[in-house]
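Peer 1: Here it is: the structure, laid out below.
Bear in mind that the values in this text are calculations on the coordinates, not laboratory data. Everything numeric in this text was worked out from a predicted model, so none of it was measured. Here the Cβ positions follow ideal geometry from the backbone for every residue, glycine too, while neighbour counts run over all protein chains shown.
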Amino acid sequence: IGAAARHVALVAGDAIARAHHAAFDLAAGAVVVAHLDRALEAASQLDNSVLTLSVKEAEMKESLNEIEQRRRMAREELQNIKARIEALKEKDLLGERDAVIRELRNQVSNLKGQLSFHRQTADALRAKKAAIRVHVVKPAETLQSIAKEYYGDANQWKKIYNQNPDQIDRGLPKVGAKLVIP
């Protein structure tokens, strides 16, 4: 009976040890799955941020192309008007010629103003495109601390919130989230 009892005890001890190992492996697997879930969520958030920035970039490029097209059209109109002025200088229609020249000069002046405006708008769009800033949230950061860092004023946190509502959870930015700083 003593040898049989020892054998049963050894078998039971071995079964308990295997059960402990299996429980440990199961717990480690759950931790790995939780980490993978968090990593997948962070990747999804990053994909959303990249998509949002890509859409904004495409919109800015489209606006810039429209402005460039208007600029080209204004430049062509300006050249046409100058050619008409030169053609009229050749004619000796006195009063009529001078009135047409004055009108054309006014149109030239207006077109120069429009061209200047379009240049400024294009420059502003280029500067805005270059000024897109992204901040990766670190642990313990708040919208106020981020606003203080970028604007020098913690009360400007609403700008960041309004630009990134999907990255904010119960008033706090998600750690690791990429926030667009307007």
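Peer 1: Determine one quarter of the surface area of the Cα convex hull of the stretch 80-159, which equals its mean projected area, and express it in nm² to one decimal.
Peer 2: 8.4
Peer 1: Please compute the net charge surrounding Pro173, taking Lys and Arg as +1 and Asp and Glu as -1 over other residues with Cβ under 14 Å from its Cβ.
Peer 2: Working: positive: Lys138, Lys148, Lys158, Lys159, Arg170, Lys174, Lys178; negative: Glu141, Glu149, Asp166, Asp169.
Net charge in that neighbourhood comes out at +3.
Peer 1: Obtain the nm distance between the two label points defined at Glu68 and Asn162 by a simple spin-label model: each point lies 7 Å from its Cα along the Cα-to-C-beta direction.
Peer 2: It is 3.1 nm.
Peer 1: Run the reach check for Lys82 against lysines, Cα to Cα strictly under 18 Å, same-chain hits fewer than 8 apart removed. What comes back?
Peer 2: Lys91, Lys112
Peer 1: What residues qualify as long-range amide H neighbours of Ile181, i.e. H under 5 Å apart, gap of 5 or more or another chain, H built at 1.01 Å from N?
Peer 2: Amide H neighbours of Ile181, under 5 Å, 5+ apart: Arg133, Val134, His135.
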